[in-house]
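Working notes for the structure below.
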């Protein structure tokens with residue numbers, strides 16, 4: 001061992017005692033300071049800070065409720081829920097976003113798919129602690145693809161959302177509607193909505209949203225610092241929305257849809273005894289399943305620019321001239337006003353002169369001398385020109401309104417339109433020009449300013465079929481819980497009684513029966529074997545055409561609308577069917593067969609009387 | 001080398017006991033703090049402990065007087081490494097602290113704390129005077145600390161730089177300083193504050209400002225300290241239990257294996273556990289003071305005192321920092337924080353303590 005002696009003084013540790021004492025106290029005070037602070041934090045503030053640590057780790061998350069299912073009157077399920085899977089990226093878990101996107105792109109490429117988002121879009125859209133949906137509503141194949149490669153894809157996950165499965169697709173699209181993500185306006189309107197909710201946007205999904213949407217549940221989850229769920233601590237189950245039972249009959253609806261195949265138009269079938277709508281079809285339609293997760297701009301563009309307006313519900317929003325189907329109302333008005341009796345006859349030479357104008361009958365050679373019954377059966381125009389001339393526009397309008405025209409029927413659907421019943425006053429205020437007598441002549445065969453919706457037409461005929469009493473059309477029967485406990489019941493709501501005597505009603509009904517069943521009747525094609533069908537044809541002109549022209553040489557949009565309204569059985573009507581086929585020609589040849597198919601579907605399997 | 005039997009006889013088992021207890025608790029705590037992190041930090045830490053033990057034995061195997069001979073050389077070497085850091089060092093989190101030495105990387109700034117103690121001890125031992133030191137006699141030792149201080153500050157590593165100054169200050173206070181000189185140094189220190197401020201990285205400035213006003217940026221710079229206080233406080237009296245600290249296990253606590261490792265312990269073991277650790281640390285520190293006091297010679301006193309201060313200030317500053325009574329300057333908790341350089345440094349320090357302690361009765365030849 002080595003050492004040289006100390007340079008200055010011999011070592012005496014004792015001489016440093018004071019310095020050691022000084023540092024001893026410095027250390028002791030310092031440690032006491034720490035202990036005091038710990039005492040303050042852990043014992044005095046311990047409870048508060050424990051709460052704050054709980055707030056850190058516990059999050060309350062909403063658990064979306066399933067929407068209620070929708071059934072038809074026979075219990076056929078029309079709409080249910082199914083899970084929809086999204087591919088999501090958790091931005092905080094991704095270290096190398098660019099590499100991850102490349103991996104995903106390569107993975108999609110392998111199965112000949114294109115990854116829908118590029119790196120820049122993802123970079124732009126990502127928000128801290130918010131899972132970013134990079135591919136929505138993926139197929140089972142993609143789902144499997146992502147899940148089998150999950151180890152190579154850190155930060156990529158799958159999120160499940162309940163969406164709607166519309167079993168009847170286009171067939172019921174206009175009635176049932178569709179869902180979509182809540183908009184800013186919706187959020188302001190209804191406090192129950194939360195950002196990101198899927199809510200009813202159209203049709204019954206919208207009208208009954210408060211019943212269908214259910215009540216969201218909650219989940220108490222433990223999360224880590226990046227907000228990822230570690231475990232569930234507690235859960236309040238969401239309650240599914242109420243079940244909606246419609247008055248619709250899926251079978252009749254489907255038949256009506258099929259009968260309109262390749263055509264544009266609408267069919268309404270309802271039960272005249274209580275106003276229940278059995279079918280409400282509008283063609284062309286659209287697939288509501290496409291709207292589930294937000295429709296693509298392309299598809300939306302296509303739908304909204306389609307000249308046939310597939311999104312419009314023609315049954316309640318299509319406004320058509322009623323054509324000869326209006327003769328029922330003209331006849332009823334004239335009988336009640338005493339202008340004609342059933343025996344009053346007019347001669348039909350095939351045309352009618354009024355001042356300088358000539359109004360033609362659809363039958364060029366004329367009907368000869370006809371009274372009311374034959375005039376209806378054969379749909380003689382000249383007879384009704386005479387009646388209309390005697391009746392006048394305002395009394396006719398009064399009766400038309402009594403039949404429910406010119407006002408909304410009040411069906412529980414969004415977007416219903418009024419149609420139009422012109423009066424002298426209306427013309428003066430609307431155009432500033434007085435009513436022309438010639439206009440009344442057109443009106444008496446359902447041409448001119450007056451327009452009606454298919455639903456109004458059906459309801460007007462339901463009034464006659466039900467001997468004068470009619471109802472507000474009803475499409476929802478009841479809203480109930482899963483166990484069948486009734487939440488809301490929509491009972492038949494009597495709307496009005498026609499100001500028409502029973503005698504006259506029976507007379508008219510008989511004539512309508514003749515339209516379908518008598519020789520020379522225009523509605524023969526609506527006959528259903530073994531059922532007593534009554535009805536009335538109508539051909540509504542869009543523009544005036546030359547004599548005997550069937551319109552096939554005209555451009556589509558100038559061709560006549562074909563109409564047919566019917567009810568059956570004649571003596572105790574259970575169903576009214578109104579058919580409008582746009583730009584398709586004659587009511588008797590085009591619309592009546594459609595009505596027949598609907599009636600057949602309705603009566604299929606029902607015992608004959 | 002012939003082993004003196006007295007060395008074995010005087011082996012400081014008490015010191016070993018304190019170190020062993022503290023290191024064991026530290027590794028156990030790291031097991032929890034680093035749970036779920038790839039590579040299981042505690043396993044690496046155990047390797048560092050064994051490397052540290054080896055270096056510790058090496059440190060007390062040679063007489064400290066012999067080691068002190070090379071104090072300046074070693075200190076100069078450490079300074080060279082500090083300079084080398086700027087040339088070849090790796091940048092992590094905006095500062096350049098690491099250097100790669102044949103396969104493993106280390107922080108020369110940790111090493112320089114030890115060499116500074118040795119260099120200052122040698123200087124004050126070699127330049128003993130009657131009475132207290134004046135400003136002129138302190139110029140040379142001040143240069144010994146100033147060079148590494150500036151280099152470390154430049155990295156920038158505020159915590160270590162301050163630690164170097166604090167060690168210097170402690171030793172100067174111990175050897176005795178005239179009041180005038182003390183005031184002078186304090187004045188220089190005050191002047192250095194704005195200078196040092198400019199050396200700091202933006203995030204460090206933010207931390208200091210946050211300490212002055214914690215609500216300044218609760219989600220940014222203030223986040224660390226708020227989460228740490230929540231973690232510690234929520235531990236209460238008995239803690240949430242081992243591996244059950246929600247703040248740490250769910251990673252709300254930042255830097256929880258390094259600077260904020262004490263918060264993990266406080267959350268899981270509560271006031272009682274923390275008290276135990278602080279008592280152990282205090283025992284070790286006071287035991288170090290006792291060793292310094294009973295050293296065979298002045299050099300031993302200075303070395304033992306220096307390393308004791310290293311432990312004391314390390315513990316105090318780190319704990320005060322995580323408790324929110326000092327700004328977050330990034331000083332690891334001795335024996336607890338994850339990190340090889342820090343662990344080896346502490347083991348070397350303990351080796352020096354043991355060195356002085358076991359040679360307290362060895363007479364001069």
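The values are calculated or read from the model by the stated rules, or taken from the named source; none is laboratory data. Please read all numbers here as calculations on a predicted model, not as lab measurements. Methodologically, a virtual Cβ is constructed for each residue, glycine included, from the backbone with ideal geometry; neighbour enumeration extends over all protein chains shown.
Quick test of your reading of the structure: residue B:218 fulfils all but one of (1) more than 11 Å from chain A (Cβ to nearest Cβ); (2) under 29 Å from residue B:165 (Cβ atoms); (3) at pLDDT below 85. Name the failing condition by number.
Against the list (1) more than 11 Å from chain A (Cβ to nearest Cβ); (2) under 29 Å from residue B:165 (Cβ atoms); (3) at pLDDT below 85, residue B:218 comes up short only on (2).
Does residue A:59 satisfy the condition of being in a strand (DSSP E or B) and within 14 Å of chain B (Cβ to nearest Cβ)?
Answer is yes for this residue.
Looking at A:74, A:67 in this structure, which one is under 27 Å from residue A:220 (Cα atoms), touching a helix residue (DSSP H, G or I) at 6+ places or on another chain (Cβ under 9 Å), more than 14 Å from chain B (Cβ to nearest Cβ) and in a loop (DSSP other than H, G, I, E, B)?
The match here is A:67.
If a residue has to be outside any strand (DSSP E or B) and farther than 14 Å from residue A:517 by Cβ to count, how many in the range A:368-384 make the cut?
So the answer is 8.
Got at least one residue in the range A:411-420 being outside any loop (DSSP other than H, G, I, E, B), within 29 Å of the chain's Cα centre (by Cα) and at pLDDT 90 or above?
Checking the range A:411-420: at least one residue is outside any loop (DSSP other than H, G, I, E, B), within 29 Å of the chain's Cα centre (by Cα) and at pLDDT 90 or above.
For the range A:343-362, give me each residue that is surrounded by fewer than 16 Cβ atoms within 10 Å (Cβ to Cβ) and not in a strand (DSSP E or B).
Within the range A:343-362, A:343, A:349, A:355, A:356 qualify.
Which ones in the range B:229-245 are more than 7 Å from chain A (Cβ to nearest Cβ) and either in contact (Cβ under 8 Å) with a residue 40 or more places away in the chain or at positive phi (or both)?
B:239, B:241, B:242, B:243, B:245
If you go through the range A:219-240 one residue at a time, do you hit one that is closer than 18 Å to residue A:167 by Cα and surrounded by 16 or more Cβ atoms within 10 Å (Cβ to Cβ)?
Looking for residues that are closer than 18 Å to residue A:167 by Cα and surrounded by 16 or more Cβ atoms within 10 Å (Cβ to Cβ), one finds none in the range A:219-240, hence no.
Does residue A:252 meet the test of being in contact with a helix residue (DSSP H, G or I) (Cβ under 9 Å, 6 or more places away or on another chain), more than 14 Å from every other protein chain (Cβ to nearest Cβ), modelled with pLDDT of 85 or more and more than 18 Å from residue A:600 (Cα to Cα)?
For residue A:252, the condition - in contact with a helix residue (DSSP H, G or I) (Cβ under 9 Å, 6 or more places away or on another chain), more than 14 Å from every other protein chain (Cβ to nearest Cβ), modelled with pLDDT of 85 or more and more than 18 Å from residue A:600 (Cα to Cα) - is not met.
Identify the single condition in (1) within 14 Å of chain B (Cβ to nearest Cβ); (2) part of a loop (DSSP other than H, G, I, E, B) that residue A:193 does not satisfy, given that it satisfies every other one.
Against the list (1) within 14 Å of chain B (Cβ to nearest Cβ); (2) part of a loop (DSSP other than H, G, I, E, B), residue A:193 comes up short only on (1).
Please go through the range A:25-49 and pick out each residue that is within 7 Å of chain B (Cβ to nearest Cβ) and either closer than 14 Å to residue B:318 by Cα or not in a helix (DSSP H, G or I) (or both).
A:30, A:31, A:34, A:35, A:37, A:38, A:45
Tell me, yes or no, whether the range B:294-308 has at least one residue that is more than 10 Å from every other protein chain (Cβ to nearest Cβ), at pLDDT 95 or above, surrounded by fewer than 24 Cβ atoms within 10 Å (Cβ to Cβ) and part of a helix (DSSP H, G or I).
no
If you take the residues of the range A:430-447 that are crowded, with 21+ Cβ neighbours inside 10 Å and out of contact with any strand residue (DSSP E or B) (no Cβ under 8 Å at 6 or more places or on another chain), which of them is farthest from residue A:204 (Cα to Cα)?
Only one residue fits best here, namely A:440.
For the range B:246-275, how many residues are within 10 Å of residue B:228 (Cβ to Cβ), in a loop (DSSP other than H, G, I, E, B) and facing chain A (nearest Cβ under 8 Å)?
1
Mind checking whether some residue in the range A:230-242 is within 14 Å of chain B (Cβ to nearest Cβ) and under 19 Å from residue A:93 (Cβ atoms)?
Checked the range A:230-242: at least one residue is within 14 Å of chain B (Cβ to nearest Cβ) and under 19 Å from residue A:93 (Cβ atoms).
Please work out which one of (1) modelled with pLDDT of 90 or more; (2) more than 14 Å from chain A (Cβ to nearest Cβ); (3) exposed (fewer than 15 other Cβ atoms within 10 Å of the Cβ) is the condition residue B:126 fails and give its number.
(2)
Would you mention how many residues in the range B:34-73 are within 14 Å of chain A (Cβ to nearest Cβ) and either assigned to a helix (DSSP H, G or I) or over 19 Å from residue B:261 (Cβ atoms) (or both)? Show your work before the answer.
Taking the range B:34-73 and keeping what is within 14 Å of chain A (Cβ to nearest Cβ), we get B:35-38, B:61-70.
Pick out the ones that are also either assigned to a helix (DSSP H, G or I) or over 19 Å from residue B:261 (Cβ atoms) (or both) and you get B:61-70.
Residues meeting the conditions: 10.
Out of the residues in the range B:316-348 that are within 14 Å of chain A (Cβ to nearest Cβ), touching a residue at least 60 places away in the same chain (Cβ under 8 Å) and assigned to a helix (DSSP H, G or I), which is surrounded by the fewest Cβ atoms within 10 Å (Cβ to Cβ)?
B:317
Confirm whether residue A:193 is at pLDDT 85 or above and touching a helix residue (DSSP H, G or I) at 6+ places or on another chain (Cβ under 9 Å).
no
So that you can scan it fast, the table gives a plain yes or no per residue for (1) surrounded by fewer than 22 Cβ atoms within 10 Å (Cβ to Cβ); (2) over 26 Å from the mean Cα position of the chain (by Cα); (3) more than 27 Å from residue A:539 (Cα to Cα); (4) free of Cβ contacts under 8 Å to residues at least 24 places away in the same chain:
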{"residue": "A:428", "(1), (2), (3), (4)": "yes, yes, yes, yes"}
{"residue": "A:449", "(1), (2), (3), (4)": "yes, yes, no, no"}
{"residue": "A:460", "(1), (2), (3), (4)": "no, no, no, no"}
{"residue": "A:463", "(1), (2), (3), (4)": "no, yes, no, no"}
{"residue": "A:485", "(1), (2), (3), (4)": "yes, no, yes, yes"}
{"residue": "A:488", "(1), (2), (3), (4)": "yes, no, yes, no"}
{"residue": "A:502", "(1), (2), (3), (4)": "yes, yes, yes, no"}
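At pLDDT 75 or above, more than 30 Å from residue A:49 (Cβ to Cβ) and more than 12 Å from every other protein chain (Cβ to nearest Cβ): does that describe residue B:190?
yes
Taking residue B:282 as the residue in question, decide whether it is within 9 Å of chain A (Cβ to nearest Cβ), over 30 Å from residue B:205 (Cβ atoms), out of contact with any strand residue (DSSP E or B) (no Cβ under 9 Å at 6 or more places or on another chain) and free of Cβ contacts under 8 Å to residues at least 24 places away in the same chain.
Values: within 9 Å of chain A (Cβ to nearest Cβ): yes; over 30 Å from residue B:205 (Cβ atoms): yes; out of contact with any strand residue (DSSP E or B) (no Cβ under 9 Å at 6 or more places or on another chain): yes; free of Cβ contacts under 8 Å to residues at least 24 places away in the same chain: yes.
The answer is yes for residue B:282.
Report yes if residue B:121 is modelled with pLDDT of 95 or more, over 19 Å from the mean Cα position of the chain (by Cα) and closer than 28 Å to residue B:176 by Cα, otherwise no. Walk me through it before giving the result.
Values: modelled with pLDDT of 95 or more: yes; over 19 Å from the mean Cα position of the chain (by Cα): no; closer than 28 Å to residue B:176 by Cα: yes.
No; evaluated as a whole, the condition is false for this residue.
Quick one: residue A:16 ticks every box in (1) part of a helix (DSSP H, G or I); (2) more than 8 Å from chain B (Cβ to nearest Cβ); (3) at pLDDT below 85 bar one, so which box is it?
(2)
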